[in-house]
Number of protein chains: 2
Amino acid sequence: MEYGVASHGAVLAAAPLVARPTWLLLSPPPPASSIQIQNHLYSISSLPLKAGPVRACRASLASSYTQTSETVDLDWENLGFGIVQTDYMYIAKCGTDGNFSEGEMVPFGPIALSPSSGVLNYGQGLFEGLKAYRKTDGSILLFRPEENAQRMQTGAERMCMPAPSVEQFIDAVKQTVLANKRWVPPTGKGSLYIRPLLMGSGTVLGLAPAPEYTFIIFVSPVGNYFKEGLAPINLIVEDKFHRATPGGTGGVKTIGNYASVLMAQKIAKEKGYSDVLYLDAVHKKYLEEVSSCNIFVVKGNVISTPAIKGTILPGITRKSIIDVALSKGFQVEERLVSVDELLDADEVFCTGTAVVVSPVGSITYQGKR
Amino acid sequence: MEYGVASHGAVLAAAPLVARPTWLLLSPPPPASSIQIQNHLYSISSLPLKAGPVRACRASLASSYTQTSETVDLDWENLGFGIVQTDYMYIAKCGTDGNFSEGEMVPFGPIALSPSSGVLNYGQGLFEGLKAYRKTDGSILLFRPEENAQRMQTGAERMCMPAPSVEQFIDAVKQTVLANKRWVPPTGKGSLYIRPLLMGSGTVLGLAPAPEYTFIIFVSPVGNYFKEGLAPINLIVEDKFHRATPGGTGGVKTIGNYASVLMAQKIAKEKGYSDVLYLDAVHKKYLEEVSSCNIFVVKGNVISTPAIKGTILPGITRKSIIDVALSKGFQVEERLVSVDELLDADEVFCTGTAVVVSPVGSITYQGKR
């Protein structure tokens with residue numbers, strides 16, 4: 001089995017897939033400024049949206065390399081956001097010296113973890129999420145993987161963990177996508193969701209950083225995150241549960257931030273809402289984020305979004321949308337955004353790797369919709 | 001190999017240890033009111049303590065069963081709080097029906113976990129901690145395991161997880177201790193630390209509760225938690241980092257609460273402090289807890305400790321100490337305790353399963369000791 005791998009359209013190399021394939025290094029991705037709007041990735045013609053930032057921003061901004069390959073026989077029309085077992089995963093380890101091993105591709109499957117590992121006992125873990133898209137010409141696009149690599153480094157520092165270098169992270173993402181390229185959905189049918197994990201795999205008993213870390217990347221083909229598909233979602237503003245606190249870890253993608261919102265999400269879903277919008281824990285007044293995405297509020301020509309102050313995740317789609325909105329002539333404000341402004345907005349939308357750009361159809365706050 | 005197992009001194013049964021031993025059910029522990037002060041477990045004569053609540057409370061309150069056995073050849077004099085590999089661990093699984101399997105003892109070792117398990121991706125995990133002590137007559141004491149069982153149930157509900165029944169939890173603890181009884185330190189040399197874990201082991205991709213859960217118990221012989229041993233510890237009051245927020249998960253023993261304090265703990269230890277005392281995230285004024293224990297402030301005949309309001313852990317040692325202090329004629333107040341009261345206290349001490357009762361020798365707040 002051979003893969004044709006290439007950079008920006010020119011075939012560079014082909015390497016046989018063995019247990020530990022040696023992929024030729026691909027060119028680094030172009031700088032973020034070389035944004036390409038790939039509107040064809042999403043069919044937006046049927047959406048009940050005004051011309052505006054959501055329409056303008058529902059886009060893929062990409063660094064790319066090209067390959068030709070077949071896809072597997074899946075029901076691409078009905079992809080949700082569940083795990084589909086793919087072929088390979090990447091794994092690298094890091095000991096007390098802080099240096100990660102070269103990493104290898106292994107068949108996707110269970111890993112062996114000590115019951116006394118840092119991640120299982122004290123939640124010392126981080127994750128990332130990014131996507132690969134297939135273009136109509138068969139080439140595969142990655143969305144700003146260098147941003148995920150850098151965010152993992154920032155998060156690792158906060159969680160007292162070593163992190164792989166940006167170069168290793170991007171190389172590992174590329175290797176994993178190429179090894180699983182037959183799982184990248186056809187153009188317009190979805191994407192290959194890429195899940196890097198960094199975890200304290202070494203053993204601890206008392207509370208302390210683990211003495212060994214494992215970096216894993218696995219992938220799964222996905223469709224839409226919300227069951228609403230690309231239609232507007234319905235949010236409930238949560239004023240009892242909070243997901244983060246100043247001086248906490250809300251600004252990094254540590255695993256513990258997510259299990260803590262399951263209860264609020266469960267209650268909201270039971271009541272028919274798509275997801276929960278959290279308020280700040282101190283004043284219970286300012287918007288923070290939705291369980292798995294950032295929020296934007298549009299009023300006239302001004303797009304406002306909560307500033308990055310350590311309690312919300314610095315979303316990569318969020319950053320890209322700000323860039324795009326500015327380039328389209330909108331005024332963008334990163335600041336405290338109150339719940340009153342939310343209720344008075346012309347338009348509200350969410351951004352995230354999983355949800356992409358989701359328009360908000362309704363907001364419910366203190367019983368009022 | 002045979003174990004003599006008994007309840008409250010009377011030998012009940014002996015069962016051969018096979019891959020899946022069937023221990024005879026031991027009597028349930030006595031109610032919490034039947035507290036026995038086991039002062040002999042700790043030598044307190046050399047401590048620089050006033051007669052007072054710390055001295056009165058450094059005790060083991062126990063439900064007990066008896067057995068006779070040899071111990072392994074360890075350096076019992078120098079046990080710290082690190083992991084020591086023991087013989088067996090308990091493991092049980094629970095699927096979507098919410099019922100846990102019967103559970104079995106297996107050799108201690110790595111478990112197989114999917115990279116897309118809920119615990120590794122979204123931190124859906126809880127832990128408990130309790131101890132078994134060896135009495136001079138060779139019998140082994142457990143410290144209120146029913147409290148840990150109930151706390152795991154409360155925590156599981158908050159984290160959208162099923163939990164084993166109190167009966168299964170206690171039975172599993174007993175099985176695990178008996179299977180590893182040769183690792184219970186001799187009287188006065190330490191204890192066998194018991195670590196129950198409950199984790200979302202089923203696979204997820206989008207944020208959701210896992211479809212399968214694993215309940216594990218492993219053990220390790222331990223000595224003192226702090227390097228100070230039984231000598232007073234030195235705390236720094238943290239006013240930048242916070243561990244919990246109202247409406248968060250600070251009141252349950254979820255794994256994510258612990259990795260989030262590693263950074264503050266690391267900074268404190270680098271400066272020579274034993275641990276960190278956290279303040280509330282909203283007012284930055286009221287005491288919460290230390291990274292791994294509760295805090296008590298003594299002024300005259302009054303012992304005050306932060307009330308359980310969802311941001312601090314409802315410690316089992318904390319509760320026992322309150323019971324003992326009341327029985328000794330102290331007035332106990334569970335309420336908001338300000339940092340000013342802390343600095344004005346006659347005596348301060350910490351309680352926890354790992355730390356037992358640790359006197360605080362110094363407090364540093366905003367640079368002042």
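The values are calculated or read from the model by the stated rules, or taken from the named source; none is laboratory data. All figures in this text were calculated on a predicted structure; none of them were measured in a lab. Virtual Cβ from ideal backbone geometry, glycine too; neighbours counted across all protein chains shown. Remember, those area values only see protein heavy atoms, side chains included, never the ligands or the DNA or RNA. Shrake-Rupley method; radii C 1.70, N 1.55, O 1.52, S 1.80 Å.
Partners of A:Lys319 within straight-line reach, counting aspartates and glutamates whose Cα lies under 19 Å from its Cα and excluding those fewer than 8 residues away in the same chain: A:Glu128, A:Glu146, A:Glu147, A:Glu288, A:Glu289, A:Glu333, A:Glu334, A:Glu347. Loop-resident GluC sites (Glu not before Pro) (DSSP state other than H, G, I, E or B) in the range A:215-321 with no more than 15 further Cβ atoms inside 10 Å of their Cβ: A:Glu228. Between the range A:306-320 and the range A:330-363, the C-alpha centres lie 13 angstrom from each other. A full extension of the chain between A:Lys284 and A:Glu347 corresponds to an added length of 20.5 nm, given 0.36 nm per residue minus the alpha carbon distance.
Compute the FRET efficiency between A:Lys93 and B:Glu157 as 1/(1 + (r/R0)^6), taking r as their Cβ-Cβ distance and R0 = 51 Å, and round to the nearest 0.05. The calculated FRET efficiency here is 0.90. On the rotation that sends chain B to chain A, the chain B Cβ lying closest to the axis gives residue and distance in whole Å as B:Gly256, 1. The dipole here belongs to the range A:247-354: it is taken about the Cα centre, uses +1 on the Cβ of Lys and Arg and -1 on the Cβ of Asp and Glu, and is about 320 debye. Relative to the other identical copies, A:Ile308 shows label-point distances of 4.0 nm, where the label point lies 7 Å from Cα along the Cβ direction and values run shortest first. Here is how far apart the A:Thr96 label points are across copies: 4.6 nm, shortest first, using a point 7 Å from Cα toward Cβ. In the assembly of identical copies, B:Gln85 has its label point, taken 7 Å from Cα in the direction of the beta carbon, separated from the corresponding points by 2.9 nm (ascending, one decimal). Remark on the range B:252-268: accessible area falls by at least 40 square angstrom from chain-alone to full-complex state for B:Ile255, B:Ala259, B:Ser260, B:Leu262, B:Met263, probe 1.4 angstrom. Principal axis extents of the Cα atoms in the range B:227-307, from largest to smallest and rounded to whole angstrom, are 34, 32, 22. Test of understanding: extend the Cα→C-beta vector of B:Arg369 to 7 Å, then name every residue of the range B:235-268 with backbone N under 16 Å from that spot. Correct set: B:235-237, B:268.
When the alpha carbon gyration tensor of the range B:233-364 is reduced to an equivalent ellipsoid, its three semi-axes come out at 22, 16, 14 angstrom, largest first. Solvent-accessible surface of the range B:233-364, taken per residue with a 1.4 Å probe and all protein chains present: 32 Å².
With solvent modelled as a 1.4 Å probe, how much accessible area in total do chains A and B shield from it at their shared surface, in Å² to the nearest 100? The buried area between A and B, both sides summed, comes to about 4800 Å².
Compactness of the range A:190-265 was expressed as the Cα radius of gyration divided by 2.2 N^0.38 Å, which yields 1.47. Taken residue by residue and averaged, Cβ atoms of other chains lying within 10 Å of the Cβ of B:205-217 number 4. Estimated at 0.36 nm per residue, the fully extended path between A:Lys271 and A:Lys240 surpasses their Cα-Cα distance by 9.6 nm. Solvent-accessible area assigned to carbon and sulfur over the range A:233-364 amounts to 51 percent, based on a 1.4 Å probe. One Cα centroid belongs to the range A:231-267, the other to the range B:268-298; the line between them spans 25 Å.
Exceedance of the 22 Å cut-off in Cα-Cα distance is limited, within the set A:Lys284/A:Lys309; B:Lys271/B:Lys368; A:Lys227/A:Lys266; A:Lys269/B:Lys284, to A:Lys269/B:Lys284.
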